Structure formats: C-alpha cells, structure tokens
1. Of the conditions (1) surrounded by fewer than 14 Cβ atoms within 10 Å (Cβ to Cβ); (2) in contact with a Leu (Cβ under 7 Å, 6 or more places away or on another chain), Gln34 satisfies every one except a single condition; which number is it?
2. Of all the strands (runs of 3 or more DSSP E) wholly in the stretch 29-74, which have at least 3 residues that are of a type in the set (Val, Ile, Thr)?
3. Looking only at the stretch 161-168, decide whether some residue is over 16 Å from the mean Cα position of the chain (by Cα) and of a type in the set (Gly, Ala, Ser).
4. I'm told Thr94 meets every condition in (1) among the β-branched types (Val, Ile, Thr); (2) crowded, with 20+ Cβ neighbours inside 10 Å; (3) over 12 Å from the mean Cα position of the chain (by Cα) except one. Can you identify the failing condition by its number?
5. Kindly evaluate Phe86 against the criterion of being outside the structural domain of Thr230 (by TED's automatic domain parsing), under 21 Å from Pro22 (Cβ atoms), in contact (Cβ under 8 Å) with a residue 40 or more places away in the chain and buried (at least 16 other Cβ atoms within 10 Å of the Cβ).
6. Got a sec? Which of Ala113, Ala163 is of a type in the set (Gly, Ala, Ser) and surrounded by 16 or more Cβ atoms within 10 Å (Cβ to Cβ)?
7. What tally of residues in the stretch 115-149 results from selecting those that are of a type outside the set (A, V, I, L, M) and in a loop (DSSP other than H, G, I, E, B)?
8. Among the listed residues Leu107, Leu75, Leu103, which satisfies the condition of being out of contact with any Cys (no Cβ under 9 Å at 6 or more places or on another chain), surrounded by 18 or more Cβ atoms within 10 Å (Cβ to Cβ) and not assigned by TED's automatic domain parsing to the domain that holds Asp203?
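The values are calculated or read from the model by the stated rules, or taken from the named source; none is laboratory data. As the structure is a prediction and not an experimental result, all values here were calculated from the model. Heads up, the Cβs are rebuilt from the backbone with ideal geometry, glycines too, and the neighbour counts pull from every protein chain shown.
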Amino acid sequence: MRTFASLSLFALAFASPTHAEPVSMQCDGKFYQQRQPYFVTFDLATNHFVYERVGGNILPGDVIEANDDRLDLSLKASGGRILLSFDRKRNLMTWPGMPGEELGRPLLRHACAAVSDRTMLSMFYQQEQPDPKRRDAVDAFSISCPGNTVPYYFITLDRSTKAVVLETESRSIEPGNITSIADHEIKFGVGRSPNKQFDLLWDDRSRLLTWIGISNDPTRPTKTQECIVTKTRSIMEYYEQLSRWK
C-alpha cells in the first residue's frame, strides 16, 4: 500500500508541480560494473533536488529547466557543477559523457523507479561501519519542540531501524539511537561522542519530551517540553544547509 501511495504521489507531483510534494526516485547506477544505486529527491515547487549515493555522499542540485518530457539538472559537486537530465516518461537518468569517452567519462543511462519518500533520516551518521538501511524510513515520525533561540527544533525517529536525527536549534545535525521502546514511551540518546551524549524520553501518549539531566551538573538539568507530532521531515528540509557546504 505504501509503495502504491508513493507511485501515485510521484505521478501527481510531476503532473502538477505547483502543488507538488517532494518525490524520491532510486536509480540503478554502476561503478566499474558494480551496482551502486543512488536516490534523487525532487521538489518541483522550488526547483531543487538532493542526490544521495547509498551509504555515501549527499549533494544538493537545481532543476534548471523542466517540461513534460524531461528535467534538466545541475548537481553541485567538488570544483563545480555536473549537468544531467531525467526522462520523465521513461524514468531514465542520463549523465552526459565526452565523445570517445575522453577523460574517462562515458555516457551513462540509469533506470529509475519511484520509492518511499527520503526523509531527514538520510542525514543519520554513525562512526562505525555505516548501515545504509538505517537511513531508510520504515516506521518513522518527526516531532517539533519549542526552542530557546528559534521557534522550533526537530527530531526524527524510526521505531524499526532505531535511528534518530536531531536538528538542533543552530540547524546542525546530531545522530542518535533508540535504546528502548516500552508501551507508549521511547528512550533514546543523541550525540556524536560519548562525552556529548544526551539521553531523552518521548512519551507518545502525553506528547512530552524529557531531556534527562545529570546529577550534580547544573548545566544539564532534567527538562520536559510539550511537542507536536508532525509529518516525517523530508530530506529536502536540509537543502539550504547542504547548499552552504558546496
């Protein structure tokens, strides 16, 4: 049912870009004859897109021209931009090559298919050997909570993969892991290193988020906030930050 809904949304979004939701595609790329799939998420309302290599880079791009047949794309990469195009009728991504494959750049065409929406879980990071599946939304949801310096900050959690992504008030990213799920409560930790780890508790029934404090540390008191459950945050929410890096 979820796949059918995504495919329907894909068709609707491309038919009416003014009211479009972001739409994600998975393309069957290859590198030295080895399969290397990647995702592309389009937002035709803003003419932006995000490229994700499975388990690898995440790059921003722009839709520079669109018609009923194709999208001409410009991907921001190291040292400049890469131009490519997406065939909307055949779901085919083309990476132009050099004549005679000069400079080792052949023409590439990759078949693509609509997939479930890519979410902020795509920004999940782990120091150990990465598991790309933890970036896939399976049973995910997001919450927005009142901030001190901004109206809201956001947390995206997935009950199935146990992945957590916190968008801080400064809009940086902190990864985390769900440590336990019991009844209506989810306990999780966020932070890139053990000495900067924060433990939190989400109560789905009361809609309360508790930042669990540390004894005898006045800078880390226990704090409880009332938050709102929202639609799972799209990877497109992070487009502006990605653009600043490139």
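1. (2)
2. Values: elements: 38-43, 48-53, 58-66.
It comes to 58-66.
3. Going residue by residue through the stretch 161-168, those that are over 16 Å from the mean Cα position of the chain (by Cα) are none.
Checked the stretch 161-168: no residue is over 16 Å from the mean Cα position of the chain (by Cα) and of a type in the set (Gly, Ala, Ser).
4. Against the list (1) among the β-branched types (Val, Ile, Thr); (2) crowded, with 20+ Cβ neighbours inside 10 Å; (3) over 12 Å from the mean Cα position of the chain (by Cα), Thr94 comes up short only on (2).
5. On the way: outside the structural domain of Thr230 (by TED's automatic domain parsing): yes; under 21 Å from Pro22 (Cβ atoms): yes; in contact (Cβ under 8 Å) with a residue 40 or more places away in the chain: yes; buried (at least 16 other Cβ atoms within 10 Å of the Cβ): yes.
It is true that Phe86 is outside the structural domain of Thr230 (by TED's automatic domain parsing), under 21 Å from Pro22 (Cβ atoms), in contact (Cβ under 8 Å) with a residue 40 or more places away in the chain and buried (at least 16 other Cβ atoms within 10 Å of the Cβ).
6. Numbers: Ala113 fails: surrounded by 16 or more Cβ atoms within 10 Å (Cβ to Cβ).
That would be Ala163, the only listed residue that is of a type in the set (Gly, Ala, Ser) and surrounded by 16 or more Cβ atoms within 10 Å (Cβ to Cβ).
7. If we filter the stretch 115-149 for residues that are of a type outside the set (A, V, I, L, M), which is where we start, we get 116-119, 122, 124-136, 139, 141-142, 144-149.
Adding the requirement that they be in a loop (DSSP other than H, G, I, E, B) leaves 116-118, 124-131, 136, 139, 147-149.
The qualifying residues number 16.
8. Values: Leu107 fails: surrounded by 18 or more Cβ atoms within 10 Å (Cβ to Cβ); Leu103 fails: surrounded by 18 or more Cβ atoms within 10 Å (Cβ to Cβ).
Residue meeting the stated conditions: Leu75.
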